[in-house]
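The values are calculated or read from the model by the stated rules, or taken from the named source; none is laboratory data. None of the values given here were measured: they were computed from a predicted structure. Quick reminder, even Gly has a Cβ in these numbers, built from the backbone with ideal geometry, and neighbours come from all protein chains shown. SASA here: full protein model, heavy atoms, side chains in, ligands and nucleic acids out. Shrake-Rupley method; radii C 1.70, N 1.55, O 1.52, S 1.80 Å.
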Amino acid sequence: QVVNYAPFTLLPSAVPSALFEQAYAVQQDFNLLVDAISQNKEFLERTLASTIKVDDFTARLFRIHMQVLEEGLAQSVFLGINRSDYMFDCGVDGTPALKQIEINTIAASFGGLTSRTAAVHGRVLKVLGKSKEASRLLPNNPSIGLALGIAKAWELYGSQSAVVMFLVEEVQRNIFDQRCVENELWNRNIRVIRKRFRDVFEEGSLDDAKRLYMDGQEVAVVYYREGYVPTNYDQQNWEARLLLERSRAVKCPDIATQLAGTKKVQQELSRPGMLERLLPGRDEAVARIRATFAGLYSLDMGEEGDKIAATAIADPDRFVLKPQREGGGNNLYGEELRQVLEKIRDSPERTSYILMDKIKPQPAMNYLLRAHSPLQVSKCISELGIFGVYVRQGKEMVMNKAAGHLLRTKAIEHADGGVAAGVAVLDTPYLV
């Protein structure tokens, strides 16, 4: 029961400026894409058909989605806060290329803490007598951008006395990250309450107009910082989630947008012609998005799935096996990938995974500062995330922007996992 500092690198890490700019340039396109998918009932139904047969968690989310659509959406304002994550793939010729790992459409974190990281690295560089280098670090404050999106959604909801509700976990390790966004809202005189699923189950209610009330207070925006993994739910929590989704409140994300972030959707988007269908008439956006895709492969039952499963078993180091999960620490590599695929290759269970080409970044040396860990130089790789925020009212896109970045770095012996999983640490890009 103590407060620890968030883990970070001693030095900022080199990031190719062209790839950094490319990641920012494509973020508004990804915002439009996620929003388009969330509104496309047929696409979600078709894409997730095989997954919901074998993945109970995705199936339960999907059932709520269908129930809310059947009742008719009470919500008219939509708020998306996502983070698109990339690595720099050094291909055969060694030229780094930007490749998307995933897009997080629910509880995309570290917009707050990363707002503080550039100042830390600026100080370190000055201490090392590198003032010129320190002055080249970019200011970065995603918490302002995230709060702007929440504030806009709150304003469009149209009730001055309504509150913003942060939906948080029972045990909150990452509270200070959330507080940064919360403080930005208080600075705009927007009231914030923090509640758990359990509180929603016990205190939440809807009136005839489907307005959501907690403790007698009307809720304008529900900002999820939990609810993205199966362990977040018991029967009460599922009922609480349904109540929230049926309400008029602006959910960030609504359940359709959470489904748009599944790995199966990511794999489906890489199929030829799919982006064109979802973003008609936006050829330039489609080209920018497609340029970031790594190879993604379906493990659906049938000849195509059989073939790719066999390829991966024969050469497991070429691939990553990904389940339909958020929050890091779930992917399988190498020998473990081979063993799991051999076990499930003839079973429909394999359709709850996708295969992706393994990205091979160029490692660099850095020190990772973690509470209670020895300080040693490590060979590290980094992952760049770009925060995106959009607000839609009815059919009109009211806000669509990139809201800042996040660099996370980990030692190369850790194949998978983010900061919250205890593997990666916070970092700052030093553009080269």
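If GLY149 passes every condition in (1) under 21 Å from VAL34 (Cα atoms); (2) touching a helix residue (DSSP H, G or I) at 6+ places or on another chain (Cβ under 8 Å) but one, which one does it miss?
(2)
When LYS210 is evaluated against the numbered criteria (1) without any contact (Cβ under 8 Å) to a residue 40 or more places away in the chain; (2) open to solvent by 40 Å² or more (accessible area, probe 1.4 Å), which criterion, by number, is the only one it fails?
(1)
What's the number of the condition ARG345 fails, among (1) over 20 Å from the mean Cα position of the chain (by Cα); (2) open to solvent by less than 80 Å² (accessible area, probe 1.4 Å)?
(2)
Looking at GLN39, GLN1, GLN27, which is the one that is modelled with pLDDT of 95 or more, more than 20 Å from ILE386 (Cα to Cα) and not hydrophobic (A, V, I, L, M, F, W, C)?
Numbers: GLN1 fails: modelled with pLDDT of 95 or more; GLN27 fails: more than 20 Å from ILE386 (Cα to Cα).
The unique qualifying residue is GLN39.
Please name all residue pairs, on different chains or six or more residues apart, with Cβ atoms under 7 Å, provided the first residue is in the stretch 273-300 and is within 18 Å of PHE43 (Cα to Cα) and the second residue is open to solvent by 60 Å² or more (accessible area, probe 1.4 Å).
As it stands, the answer is LEU275/ARG290; VAL286/GLU276; SER298/GLU304, since those pairs meet every condition given.
What pairs can you find where one residue is in the stretch 128-140 and in a helix (DSSP H, G or I), the other is open to solvent by 100 Å² or more (accessible area, probe 1.4 Å), and their Cβ atoms are less than 7 Å apart, with a gap of 6+ or different chains?
Close Cβ pairs (under 7 Å, with a partner that is open to solvent by 100 Å² or more (accessible area, probe 1.4 Å)) amount to ALA134/LYS126.
Where residues in the stretch 70-96 are touching a Lys or Arg at 6+ places or on another chain (Cβ under 7 Å) and not charged (D, E, K, R), which of them is nearest to THR262 (Cα to Cα)?
TYR86
Determine whether the stretch 266-273 contains at least one residue that is at pLDDT below 95, acidic (Asp, Glu), open to solvent by 10 Å² or more (accessible area, probe 1.4 Å) and farther than 16 Å from THR105 by Cα.
yes
For residues in the stretch 382-424 being open to solvent by less than 40 Å² (accessible area, probe 1.4 Å) and modelled with pLDDT under 95, which is nearest to the chain's Cα centre (by Cα)?
Among residues in the stretch 382-424 that are open to solvent by less than 40 Å² (accessible area, probe 1.4 Å) and modelled with pLDDT under 95, the one nearest to the chain's Cα centre (by Cα) is GLY418.
So that you can scan it fast, the table gives a plain yes or no per residue for (1) farther than 16 Å from ARG408 by Cα; (2) more than 17 Å from the chain's Cα centre (by Cα):
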site: MET66; (1), (2): yes, yes
site: GLY80; (1), (2): yes, no
site: GLY91; (1), (2): yes, yes
site: GLY94; (1), (2): yes, yes
site: GLY112; (1), (2): no, no
site: SER131; (1), (2): yes, yes
site: ARG136; (1), (2): yes, yes
site: PRO139; (1), (2): yes, yes
site: LEU148; (1), (2): yes, yes
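Quick grid of which residues meet (1) without any contact (Cβ under 8 Å) to a residue 24 or more places away in the chain; (2) open to solvent by less than 50 Å² (accessible area, probe 1.4 Å); (3) out of contact with any Cys (no Cβ under 9 Å at 6 or more places or on another chain); (4) of a type outside the set (Lys, Arg):
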position	(1), (2), (3), (4)
GLN160	yes, no, yes, yes
VAL171	yes, no, yes, yes
VAL200	no, yes, yes, yes
TYR223	no, yes, no, yes
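For the stretch 1-35, what are the residues that are among the aliphatic types (A, V, I, L, M), open to solvent by 60 Å² or more (accessible area, probe 1.4 Å) and either touching a residue at least 24 places away in the same chain (Cβ under 8 Å) or in a loop (DSSP other than H, G, I, E, B) (or both)?
Once the filter is applied, which keeps residues that are among the aliphatic types (A, V, I, L, M), open to solvent by 60 Å² or more (accessible area, probe 1.4 Å) and either touching a residue at least 24 places away in the same chain (Cβ under 8 Å) or in a loop (DSSP other than H, G, I, E, B) (or both), the stretch 1-35 yields VAL2, VAL3, ALA14.
Filtering the stretch 47-62 down to residues that are free of Cβ contacts under 8 Å to residues at least 12 places away in the same chain and touching a helix residue (DSSP H, G or I) at 6+ places or on another chain (Cβ under 6 Å), which residue is surrounded by the most Cβ atoms within 10 Å (Cβ to Cβ)?
Top of the filtered list is ILE52.
Can you work out which of the residues in the stretch 278-301 that are touching a helix residue (DSSP H, G or I) at 6+ places or on another chain (Cβ under 7 Å) and open to solvent by less than 30 Å² (accessible area, probe 1.4 Å) is modelled with the lowest pLDDT?
Going through the qualifying residues, I end up with SER298.
Can you spot a residue in the stretch 105-127 that is β-branched (Val, Ile, Thr) and part of a strand (DSSP E or B)?
Checking the stretch 105-127: not a single residue is β-branched (Val, Ile, Thr) and part of a strand (DSSP E or B).
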